[in-house]
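S.K.: My structure is below; once you've seen it, I'll send some questions.
The values are calculated or read from the model by the stated rules, or taken from the named source; none is laboratory data. Just so it is clear, the model here is predicted, and its values are computed rather than measured. All Cβ positions, glycine included, derive from the backbone under ideal geometry; neighbour counts span all protein chains shown. Heads up: the accessible areas ignore ligands, DNA and RNA and are worked out on the full protein's heavy atoms, side chains in. Shrake-Rupley method; radii C 1.70, N 1.55, O 1.52, S 1.80 Å.
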Amino acid sequence: IIFIDEIECLLKKRCNHFIISSKSKIDDQIVSSFLEEMDGIKENPGVIVLGATNLSYTIDEAIKDRMSLKFHVPKPNADSISRILYKNILKNLDNEKTKKNDVNIKTICKDLAKILFAKKYNGRQIIHLCKKVFNERQYNAGKKGEERNKNCNDSYIIKYLEYEDLKIESFTNNINET
């Protein structure tokens, strides 16, 4: 199995030959070479080529013609978004005392999922939002620790993250920035 993530970066539509740059020539050569290799793969039925993209309209038509099956994976619905959020929040709150506040976390996930669904967020954007919020929380925890103690250490940061209440505003304030 050969898997190419973000296949549009490698196999984009070939250029109009009236506008030629060295980059477009190289891109065209890559597509042409790949097409030749794809023709050779037909002779070897044990080889499967998979490509993933969010931008299928940018892939060269000849490449799309050689991919025999196409699957559309839709953006997650509100329930799926809530589960993605919940999983990522728990992963970042690696602490039993914080996890005991599970009802609050589930409420945040459900409320936030409605907002992210309306804004048509995909899975990658949701995970990026979670990372951004938790990086910001860790940074702020470090700043508060430095204010209290010039010799701030990781144990203070962990303690701060453990006891601070997680609020939906932590996420909503970052939504437009992702």
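S.K.: Within segment 19-69, which residues are in a strand (DSSP E or B) and out of contact with any helix residue (DSSP H, G or I) (no Cβ under 8 Å at 6 or more places or on another chain)? Please lay out each step first, then the result.
M.R.: Initially, segment 19-69 is screened for residues in a strand (DSSP E or B), giving 49-52, 59.
Once the filter is applied, which keeps residues that are in a strand (DSSP E or B) and out of contact with any helix residue (DSSP H, G or I) (no Cβ under 8 Å at 6 or more places or on another chain), segment 19-69 yields only Leu50.
S.K.: In the list Ser32, Ser68, which residue meets the criterion of being of a type in the set (S, T, N, Q) and open to solvent by 90 Å² or more (accessible area, probe 1.4 Å)? Spell out the reasoning first.
M.R.: Details: Ser32 fails: open to solvent by 90 Å² or more (accessible area, probe 1.4 Å).
Answer to the selection: Ser68.
S.K.: Can you name the condition, by its number, that Thr98 falls short on among (1) modelled with pLDDT of 75 or more; (2) surrounded by 19 or more Cβ atoms within 10 Å (Cβ to Cβ)?
M.R.: Checking Thr98 against (1) modelled with pLDDT of 75 or more; (2) surrounded by 19 or more Cβ atoms within 10 Å (Cβ to Cβ), the one that fails is (1).
S.K.: Could you figure out which of (1) at pLDDT 85 or above; (2) in a helix (DSSP H, G or I); (3) open to solvent by 40 Å² or more (accessible area, probe 1.4 Å); (4) out of contact with any Lys or Arg (no Cβ under 7 Å at 6 or more places or on another chain) isn't true of Leu116?
M.R.: Leu116 satisfies all of (1) at pLDDT 85 or above; (2) in a helix (DSSP H, G or I); (3) open to solvent by 40 Å² or more (accessible area, probe 1.4 Å); (4) out of contact with any Lys or Arg (no Cβ under 7 Å at 6 or more places or on another chain) except (3).
S.K.: Is it true that Asn135 is modelled with pLDDT under 85 and closer than 16 Å to Thr172 by Cα?
M.R.: Taking the combined requirement at face value, the residue satisfies it.
S.K.: In segment 59-78, what residues are over 15 Å from Ile4 (Cα atoms) and in contact (Cβ under 8 Å) with a residue 12 or more places away in the chain?
M.R.: Glu61, Ala62, Lys75, Pro76, Asn77, Ala78
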